[in-house]
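Report on one structure; see the data block that follows.
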Amino acid sequence: MVAIPDTGEDVDRMSAPFTQRPTRIVVDLEAIAGNLRSIQAHVGVPVMPIVKANAYGHGLVQVARHLQAVGADRMGVAFVEEGVALRRAGVSVPILVMGGIFGHQVGQFLAHDLDITVSSLSKLRQVEATAEAAGRRAAIHLKIDTGMERIGVHGYSAGPFIEAAVRSRWCEVRGVYSHLACADDPDSPMTALQLERFLEACAHFDRLGAPMPLRHLANSGGVLHFPDTHLDMVRPGILLYGVLPDPASRPTVAVRPALSLVSQVVYFKIVRAGAPVGYGATWTAPRDTRLVTVPIGYGDGWPRALSSRGQVLVRGRRHPLVGRVCMDQFMVDIGEDSAFNEDEVVLVGEQDGGSITVEEVARTAGTIPYEILVQLNERIPREYRGAIQVSPDPPARD
Ligand SMILES: *Cc1c(COP(=O)(O)O)cnc(C)c1O
């Protein structure tokens, strides 16, 4: 009888069926913790690590638990569902949900003790009504729009909004914030304008004689390039994962990438000069050459835009993807080199001194590093290095 290997219990349910895949994301949790410390040292104010969108592809629950274990005292997500998932996973620090809310969701925020972004007067009224009915105060952060035109009350009409919030019996105003549209670019004049508008809106608290709540504005770009925007707290996302937001960004904070994406050669072949390769026969071997096939594709979130453009590392050397990226596989031209089945293929990360960054992949695919990271989906198992052993539950006794 052949033993069927256990897939292990310490993996989240979504990826459990795939844990035997040769393709995997390796997340270095120590790198994330180190990046958090670097950011903290750079800004000197509290840091709200942002873990939305599956912690930028790194794994929501595992990253958040690790952050809490290394001392993060708050976190930010985009959607209430992400906040609820964190509470269910035992994350107990304050969690701010940054997205716009729907009235029917307010009960969920209250039930799970999640901080609400209130981005209009009518949403404030919805929060108040639900909080009153539930008999408990809602913790809120007021969202001011200073130039992004996404959610939030325009700075120039924030007076009545802020007044209604500070007078509200059923809301505790913990913060006031805005979001920067152009902070990735150190030379954009937009950021100074947004800061000025934001501080003008904050002045309403003083005018009303109300205590100033936590003022926060800076995303990763703000952290890197605009010290004036750090105010009382910063909200870095991508920088926490060791990735710069934009090619124009300056590395003013020392961070290192936490994510690697690796696979293995599943097939080796020699093709003859003139042989077309892949769907649509878009690439033709210019000479007799050697190809390897790698078992990951756009069905995993590996961009199809890398067709005949991207590169990977095999045995420490860079080789080009040839032909179209398929749903589950792609082909690589290794030329005169040799490779064997099961050889490691690095799509993002380091191998024998070679290195491919998320920034490079994004540039080649014609997109931003954020999109590359977050679209790596649950079909790819995540492996965690550097986890801290915490036992929130006492060991079961029998
Ligand atoms: C996503 C997000 C952030 C983090 O942005 P990064 O550019 O990844 O640092 C901060 N604040 C808000 C409101 C966001 O939506």
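The values are calculated or read from the model by the stated rules, or taken from the named source; none is laboratory data. A quick note: this is a predicted structure, and the numbers were derived from the prediction, not measured. All Cβ positions, glycine included, derive from the backbone under ideal geometry; neighbour counts span all protein chains shown.
Answer yes or no: is there a residue in the range 118-135 that is within 14 Å of the ligand (Cβ to nearest atom) and either touching a residue at least 12 places away in the same chain (Cβ under 8 Å) or in contact with an Asp or Glu (Cβ under 6 Å, 6 or more places away or on another chain) (or both).
yes
What about HIS104, is it away from the ligand (no atom under 14 Å from the Cβ) and in contact with a Leu (Cβ under 6 Å, 6 or more places away or on another chain)?
no
Do we find that SER263 is touching a Leu at 6+ places or on another chain (Cβ under 7 Å), polar (S, T, N, Q) and more than 14 Å from the ligand (Cβ to nearest atom) in this structure?
Spelling it out, SER263 is indeed touching a Leu at 6+ places or on another chain (Cβ under 7 Å), polar (S, T, N, Q) and more than 14 Å from the ligand (Cβ to nearest atom).
Scan the range 269-289 for residues that are of a type in the set (Phe, Trp, Tyr) and assigned to a helix (DSSP H, G or I) and jot them down.
TYR279
Do we find a residue being among the small types (Gly, Ala, Ser), buried (at least 17 other Cβ atoms within 10 Å of the Cβ) and within 13 Å of the ligand (Cβ to nearest atom) anywhere in the range 79-97?
For the range 79-97, residues among the small types (Gly, Ala, Ser), buried (at least 17 other Cβ atoms within 10 Å of the Cβ) and within 13 Å of the ligand (Cβ to nearest atom): absent.
Can you tell me which of (1) buried (at least 21 other Cβ atoms within 10 Å of the Cβ); (2) at positive phi; (3) of a type outside the set (A, V, I, L, M) is the one SER307 doesn't meet?
(2)
If ARG304 passes every condition in (1) without any contact (Cβ under 8 Å) to a residue 60 or more places away in the chain; (2) more than 27 Å from the chain's Cα centre (by Cα) but one, which one does it miss?
It fails just one condition, (2).
Restricting to the range 344-355, name every residue that is buried (at least 16 other Cβ atoms within 10 Å of the Cβ) and either of a type in the set (D, E, K, R) or more than 14 Å from VAL262 (Cα to Cα) (or both).
GLU344
So which of ILE162, ILE140 ends up being assigned by TED's automatic domain parsing to the domain that holds LEU224, within 15 Å of the ligand (Cβ to nearest atom) and buried (at least 23 other Cβ atoms within 10 Å of the Cβ)?
Result: ILE140 is the single residue among ILE162, ILE140 that is assigned by TED's automatic domain parsing to the domain that holds LEU224, within 15 Å of the ligand (Cβ to nearest atom) and buried (at least 23 other Cβ atoms within 10 Å of the Cβ).
Only one of (1) at pLDDT 95 or above; (2) over 17 Å from VAL277 (Cβ atoms); (3) exposed (fewer than 14 other Cβ atoms within 10 Å of the Cβ) is not met by ILE388, so which one is it?
Answer for ILE388: the failing condition is (1).
Mind counting the residues in the range 179-210 that are within 12 Å of the ligand (Cβ to nearest atom) and within 15 Å of LYS143 (Cα to Cα)?
3
Given the residues ASP300, ASP343, ASP328, which is the only one that is more than 16 Å from the ligand (Cβ to nearest atom), outside the structural domain of SER220 (by TED's automatic domain parsing), at pLDDT 95 or above and more than 28 Å from VAL51 (Cα to Cα)?
Going through ASP300, ASP343, ASP328 in turn, just one is more than 16 Å from the ligand (Cβ to nearest atom), outside the structural domain of SER220 (by TED's automatic domain parsing), at pLDDT 95 or above and more than 28 Å from VAL51 (Cα to Cα): ASP343.
Out of the range 288-319, which residues are touching a helix residue (DSSP H, G or I) at 6+ places or on another chain (Cβ under 6 Å) and either closer than 24 Å to ARG272 by Cα or charged (D, E, K, R) (or both)?
Matches in the range 288-319: ARG304, LEU306, ARG309, GLY310.
Taking VAL176 as the residue in question, decide whether it is buried (at least 16 other Cβ atoms within 10 Å of the Cβ) and either within 26 Å of ALA72 (Cα to Cα) or within 13 Å of the ligand (Cβ to nearest atom) (or both).
yes
Residue check, GLN68 against (1) assigned to a helix (DSSP H, G or I); (2) away from the ligand (no atom under 16 Å from the Cβ); (3) under 25 Å from ALA165 (Cα atoms), all met but one. Which one?
(3)
Of all residues in the range 218-242, how many are more than 9 Å from the ligand (Cβ to nearest atom) and in a loop (DSSP other than H, G, I, E, B)?
5
Out of the range 5-59, which residues are part of a loop (DSSP other than H, G, I, E, B), at pLDDT 55 or above and not assigned by TED's automatic domain parsing to the domain that holds SER220?
THR19, GLN20, ARG21, PRO22, THR23
When you scan the range 366-389, do you find a residue that is over 29 Å from ARG65 (Cα atoms) and not assigned by TED's automatic domain parsing to the domain that holds TYR56, even just one?
yes
Collect the residues in the range 356-370 that are farther than 16 Å from SER249 by Cβ, surrounded by 15 or more Cβ atoms within 10 Å (Cβ to Cβ) and of a type outside the set (Val, Ile, Thr), keeping them in residue-number order.
Answer for the range 356-370, where residues must be farther than 16 Å from SER249 by Cβ, surrounded by 15 or more Cβ atoms within 10 Å (Cβ to Cβ) and of a type outside the set (Val, Ile, Thr): just ALA365.
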